[in-house]
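This report refers to the structure that appears directly beneath it.
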Amino acid sequence: MELAFWHSSALVPLCAQQRATPAAEALCQRFSMAVWWAAPVEIRGAIARLHRMGQLTSNQQVGAQMRLDRMRSQWREISPSLAIRDQAERFLERFPLKAADALQLAAAFAWTSGRPRARAFLSGDAQLLEAAGLLGFQAIEI
């Protein structure tokens with residue numbers, strides 16, 4: 001199975017049932033996961049937000065968190081570093097990204113050792129996918 005970088009927006013539909021869940025599940029059969037170190041915080045935040053908005057019951061929230069915990073045991077996690085932080089700062093100057101997205105893109109860039117050509121980058125964020133594509137990633141929308 002090919003390894004791909006999974007942005008947190010691509011992982012949330014694997015935890016909680018959403019419109020993008022079928023597409024995310026299909027991609028999960030094709031790509032194993034490389035994930036930024038802070039993605040679990042973003043995913044738990046998204047799950048909690050869905051619960052607060054009434055889109056998940058309490059039982060569904062617990063189930064989503066359990067699915068996240070199972071996925072975490074199988075993915076490759078990209079740890080923070082000064083190089084990733086510095087690259088994220090440069091990406092903020094180059095692309096219209098949020099800070100957290102710049103960190104994830106920098107983590108993906110580090111994961112490829114600065115050679116992202118044709119490496120898969122999965123996300124549900126259009127701006128982030130555009131930036132990833134401009135860097136040479138195979139940008140795949142969830």
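Here are the numbers for the structure shown:
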quantity	calculated
Test result for Cys28, over 12 Å from Leu122 (Cβ atoms), at pLDDT 95 or above and surrounded by 13 or more Cβ atoms within 10 Å (Cβ to Cβ)	no
When residues of the stretch 15-28 are limited to those that are in a helix (DSSP H, G or I) and touching a residue at least 24 places away in the same chain (Cβ under 8 Å), the one nearest to Met1 (Cα to Cα)	Leu27
Test result for Glu93, acidic (Asp, Glu) and free of Cβ contacts under 8 Å to residues at least 12 places away in the same chain	yes
Considering residues of the stretch 85-112 that are of a type outside the set (A, V, I, L, M, F, W, C) and within 15 Å of Val35 (Cα to Cα) only, the residue surrounded by the most Cβ atoms within 10 Å (Cβ to Cβ)	Gln104
For Ala118: the one exception among (1) modelled with pLDDT under 95; (2) over 16 Å from Ala34 (Cα atoms)	(2)
Boolean, Ala39 is within 21 Å of Ala118 (Cβ to Cβ), surrounded by 19 or more Cβ atoms within 10 Å (Cβ to Cβ), in contact with a Ser or Thr (Cβ under 9 Å, 6 or more places away or on another chain) and of a type in the set (Gly, Ala, Ser)	no
Filter result for the condition that a residue is over 22 Å from Thr21 (Cβ atoms) and out of contact with any Pro (no Cβ under 8 Å at 6 or more places or on another chain), over Leu135, Leu129, Leu122, Leu105	Leu105
Count - residues of the stretch 96-110 that are touching a strand residue (DSSP E or B) at 6+ places or on another chain (Cβ under 6 Å) and over 20 Å from Ile43 (Cα atoms)	0
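The values are calculated or read from the model by the stated rules, or taken from the named source; none is laboratory data. Model, not experiment: these values are computed from the prediction. Cβ atoms come from the backbone with ideal geometry, glycine included; neighbour counts cover every protein chain shown.
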